[in-house]
Number of protein chains: 2
Amino acid sequence: MRESASGRSELGLYLALDEQPSHLPQYRRLFMALRDMILSGDLPSGRQLPPTRQLASILGISRNTAKSAYEQLQAEGFIHARPGRGSEVARLPERHQASHATTPVKCQTLVAAEVRAEVAAEPRTLPLQPAIPALDAFPLNRWRQCLARASGSPHLLASPPAGEPLLRAQIAQWLARQRGMRVSPEQIVVTSGSQQGLDLIARHLLTPGDKVVLETPGFPGTAHSMAAAGGDCLFWPQQALAQAQLPPTARLLLVTPSRNFPLGHSLDAHARLALLQWADDVGAWIIEDDYDSEFAVGEAHTSLFSLSAHPRVIYTGTFSRTMFPGLRLGYLVLPEDQVEAVLQLRRYADGGLSSLTQRALGLWMAEGHYDRHLSRMKRLYAKRRSQLLSLLSETPASDWPCLDAGGGIHLVLGLPVTWSDRALEARLAAVGVGSRALSLYQAATDQQARQGIVLGFAGWDQTVMRAAVMQLARVLNEH
Amino acid sequence: MRESASGRSELGLYLALDEQPSHLPQYRRLFMALRDMILSGDLPSGRQLPPTRQLASILGISRNTAKSAYEQLQAEGFIHARPGRGSEVARLPERHQASHATTPVKCQTLVAAEVRAEVAAEPRTLPLQPAIPALDAFPLNRWRQCLARASGSPHLLASPPAGEPLLRAQIAQWLARQRGMRVSPEQIVVTSGSQQGLDLIARHLLTPGDKVVLETPGFPGTAHSMAAAGGDCLFWPQQALAQAQLPPTARLLLVTPSRNFPLGHSLDAHARLALLQWADDVGAWIIEDDYDSEFAVGEAHTSLFSLSAHPRVIYTGTFSRTMFPGLRLGYLVLPEDQVEAVLQLRRYADGGLSSLTQRALGLWMAEGHYDRHLSRMKRLYAKRRSQLLSLLSETPASDWPCLDAGGGIHLVLGLPVTWSDRALEARLAAVGVGSRALSLYQAATDQQARQGIVLGFAGWDQTVMRAAVMQLARVLNEH
């Protein structure tokens, strides 16, 4: 700028300065402005920069500000100092016009009050939306006490990749107490929900092209996890799984033997043993997704894991429904000889989870809050289920069959054949009622696929449900 | 047992009852004992069970207990009732001897006091262990206040898979403020640390066999994540990356341009622009791992992400060092056109993270605690670094070269050529001093590999470091 000090260069500098975020220190803005001019070619390689004294006087800034900017340019290699000749722009590789200098992104500045408002805002769920437990009945204060006790300085250090030892011990004890399962804490890997468990297992067990047998209906996420790991997914209705016609080449079978999602069917002992025999015979693995056996009607059936004479069953559980969805904790129970390989994968997949939530949940279970909360919720959900059924009985839906097997935290109504469940879901969403179309959970190839609507009843009291059912009745009457 | 009531069957039942966990209700133990006998073949298909009244009298239990056990056996399909003939064992598939009935796993029962002791126990770190920030100077009470405020009922609902909106907005603002990066919150995906970010990107971008260029030395986990996604890893020393001899067939380059781990070298503007030009020319992607630019000496250099005219750079950051390792939070900054694909993968990889820690960190940043804490730590780490160097100057290590570029939270000493860094690491661990061998971070194929020892100085005060350096001096003197 000294020798070639054209009006254009100076104007460019003013413009470039103007584009820099105003909250930054002045030397930083000057550095960025000069850097952007070098990058854009406005200050080409070899061009000499004016002495800092001159630049400072042109811009009306202190010389130290100019010096700091030059120092940073030099530190990063944009300019270099030549003895007796001042600073000149370094020889840099050719470069396309920088897009960032011309397309500033607006950067909102949230003030503290707005931030607090955002944190305080209740995330939105729609009444009757499935998979939401009774957050209104969750003993939040007791949970916060566990959080507070868990948030001492030890939570600053990372938990092992397998999970916090206290939590793993508690899960093992709970499985023994409630599911009659005999597992050691060393077989347990804490995950951020069942989804991560499925992902780890798929990556551990599958080679691209391996056949995977999945239930239909089922969780759509399951098929995606399997496909992402290269699995070739085949869909079977749960009841048909039991007939021992499963492909001999399958590597993996994923099943919810205690409560199919979302229909709630369970497999009897004969079907369970047949599946285990098949897995033994063909050398396949079984993932037992026990996602809500806690809310079965009566007692949950003996797990596949417990029935397995040979260790070919991997068990997954989740706390999303028994605690709350925002917790994002679940677990795998692995055969002993698979633990090390899965942990190795886990180390490089995410390295483990926050110590805090794991420690808090460990305390929560150890002190009996978990068992007590589940007993209370089981009673509450039975009550809310019958409340919803009673409300529905006064609507046109009263003639539709209840497709599910009771229990759980949702129910499924079969739709008349002329209806589209996705259209109904959309119409209900438009009037503020959450629901899910049954067809969303069925394979496109499913011959026995049928239309239905899944309604959650666990998360809302009778008043909220009554208002939602009135909206539902209105939508049905308009049909 | 009625018709064929042999002493053996009765004895078997007593034995099987005895094996069941004593804390379970009696009917449950009876159910499990009978179930195990059916599974083991001691009660074969077609065998009639005694009437409940008779069984109750044999065992000295109430009839209702026996009835409850039979009901559960029937519900699960182990027995069925035949009108007028009582209950008989169902026809079940043949089955190998169950291993679970004969190999009970001992299940410790932690009492509340032991549990609290375990939670209170400080997880162990060794003095001078790298990658541990100053937990002794972490403002734990202020953090716990943020946690408490974040733990209201909204945290019970799940955050979106991309992360909590407040946290993403704060990260975008922080990157603008501290790194001069212009990104919108929509480009940010919150991860459980850099490791998950690398894993997601590798799975998103790589097809098996794709060439991946990695720095050496570098994080060993990086190569594992890339290999797990099928990447074929090539190792290059950081300085050699700049010479534009990179393979034209590479799909991905992973680089720590602002501070190599663990040597702390940075790339100048010329090298950065050459890498970007190469990526543009060959259509490769660059992952910029900015894992501790926060602790650079002076100001951190302009990020590769900011220099990139075309969006071919993915930026990753972590809070493990700036906050604490147990937080397990980090983030990716993605080019706008890659966000949806990565989020799709993330939905099925783990579905997202706990709302609580994300909300607490969002508050922490919004209220200025993050910036203030970093400024304090930067001063403290400069002080602790010079304290460690001064302590080392009085040991035989004083002659060894300091290989790293200053700053950060560790330093690297080059070992004399006759030494083995892994042997030294083991000897130091034996006397309670944490350290890492430099060779652990180098590719086996690295021609320029050298022996050195990585010592963390951020996590300990002068007293602890003095004791550790005395142990180090003793080990060196014995050499």
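Rank the residues B:Asp461, B:Asp281 as a footprinting-exposure proxy: fewest other Cβ atoms within 10 Å of their Cβ go first. It would help to have the intermediate numbers written out before the result.
On the way: B:Asp461 14, B:Asp281 11.
Arranged by neighbour count, lowest to highest, B:Asp461, B:Asp281 become B:Asp281, B:Asp461.
Nm distances between the label at B:Glu478 and the same-position labels in the remaining copies, 7 Å along Cα→Cβ, shortest first?
Result for B:Glu478, in nm, nearest copy first: 8.2.
Using a/c under 1.5 as the rounded threshold, could you call region A:372-478 rounded, prolate or oblate? The axes a ≥ b ≥ c are square roots of the C-alpha gyration tensor eigenvalues, and prolate needs a/b larger than b/c, oblate otherwise. Could the numbers behind the result be given before it?
Values: a/c = 1.92, a/b = 1.30, b/c = 1.48.
It comes out oblate by the Cα gyration axes.
Need the C-alpha centroid separation for region B:462-478 versus region A:403-440, integer Å.
69
Quick check: pseudo-label points 7 Å beyond the Cα along Cα→Cβ at A:Glu88 and B:Gln462, how many nm apart are they?
4.9
7 Å along Cα→Cβ for the label point: how many nanometres lie between B:Asp337 and each equivalent label in the other copies, listed shortest first?
Relative to the other copies, B:Asp337 has label-point distances of 4.9 nm.
Tell me whether the protein assembly as shown comes out rounded, prolate or oblate; compute the Cα gyration tensor, take square roots of the eigenvalues as a ≥ b ≥ c, and use a/c under 1.5 as the rounded threshold.
Prolate, because a/c is 1.5 or more and a/b exceeds b/c.
Could you list B:Trp364, B:Trp419, A:Trp285 so that the one with the fewest beta carbons within 10 Å of its beta carbon is first and the one with the most is last? List each step's numbers first, then the result.
Numbers: B:Trp364 24, B:Trp419 16, A:Trp285 21.
Result, fewest neighbours first: B:Trp419, A:Trp285, B:Trp364.
How tilted is helix B:7-19 with respect to the longest principal axis of chain B? Cα atoms for both, answer in degrees (0 to 90, nearest 10).
In chain B, helix B:7-19 runs at an angle near 30 degrees to the longest axis.
Using the Cβ atoms and a cut-off under 12 Å, what net charge is assigned to the surroundings of B:Gln239, where Lys and Arg are +1 and Asp and Glu are -1?
On the way: positive: none; negative: B:Glu215, B:Asp268.
Residues near B:Gln239 contribute -2 overall.
One decimal, nm, shortest first: give the distances between the label point of B:His310 and those of the same position in the other copies, each label point 7 Å from Cα along Cα→Cβ.
Those separations, rounded to one decimal, come out as 5.4 nm.
Rounded if a/c is under 1.5, else prolate if a/b is larger than b/c, else oblate: which is chain B, with a ≥ b ≥ c the root eigenvalues of its Cα gyration tensor?
Details: a/c = 2.34, a/b = 1.98, b/c = 1.18.
Since a/c reaches 1.5 and a/b is larger than b/c, the shape of chain B is classed as prolate.
Using R₀ = 41 Å, calculate the FRET efficiency as 1/(1 + (r/R₀)^6) where r is the Cβ-Cβ separation of A:Leu234 and B:Leu157; round to 0.05. Let's see the in-between values first.
On the way: r = 35 Å, r/R0 = 0.84.
Efficiency at R0 = 41 Å is approximately 0.75.
Need the full-extension length gain, A:Thr125 to A:Glu19, defined as separation in residues times 0.36 nm minus the C-alpha distance. One decimal, nm.
On the way: separation 106, 0.36 × 106 = 38.16 nm, distance 4.14 nm.
Taking A:Thr125 through A:Glu19 to full extension adds about 34.0 nm, to one decimal.
What is the angle, in °, between the Cα long axis of helix B:369-392 and the longest principal axis of the Cα atoms in chain B? Nearest 10 is fine, range 0 to 90.
70
Report the calculated FRET efficiency for B:His479 and B:Ser390 (r = Cβ-Cβ distance, R0 = 25 Å), to the nearest 0.05. If you can, show how the numbers build up before the last one.
Numbers: r = 22 Å, r/R0 = 0.88.
Calculated transfer efficiency: 0.70.
So how tilted is helix B:269-282 from the main axis of chain B? Cα-based, degrees 0 to 90, rounded to 10.
Here the helix axis deviates by roughly 60 degrees.
I want the antiparallel fraction of DSSP beta bridges within the protein assembly as shown, as a percent rounded to 5.
Expressed as a percentage, antiparallel bridges in the protein assembly as shown total about 55.
Describe numerically, in nm with one decimal, the distance between label points set 7 Å from Cα along Cα→Cβ at A:Arg177 and at A:Ala429.
Distance between the two pseudo-spin positions: 4.0 nm.
With each run of n ≥ 4 DSSP H residues scored as -39500 (n - 2.57), what mean residue ellipticity at 222 nm is computed for the protein assembly as shown after dividing by its residue count and rounding to the nearest 500 deg cm²/dmol?
Details: 34 runs with 402 residues, N = 958.
Helix contribution divided over all residues of the protein assembly as shown: -13000 deg cm²/dmol.
According to a simple spin-label model (label point 7 Å from Cα along Cα-to-Cβ), what is the distance in nm between A:Lys378 and A:Ser57?
The answer from the label model is 8.8 nm.
Going toward the positive end of the dipole of the protein assembly as shown, with +1 on Lys and Arg Cβ and -1 on Asp and Glu Cβ, which of A:Gln54, A:Ala33, B:Leu140 do you reach last?
Among A:Gln54, A:Ala33, B:Leu140, the one farthest towards the positive end of the dipole of the protein assembly as shown is B:Leu140.
Sorting A:Arg47, B:Arg359, A:Arg63, A:Arg85 on the 10 Å Cβ count, fewest up front, what's the list? Mind showing how you got there, number by number?
Working: A:Arg47 18, B:Arg359 26, A:Arg63 14, A:Arg85 8.
Ranked by crowding around the Cβ, least crowded first: A:Arg85, A:Arg63, A:Arg47, B:Arg359.
Laboratory data are not the source of any read-out in this text; all were calculated from the coordinates shown. Keep in mind it's a predicted model, so treat the numbers as computed, not measured. Counting neighbours? That spans all protein chains shown, and the Cβs are built from the backbone with ideal geometry, glycine included.
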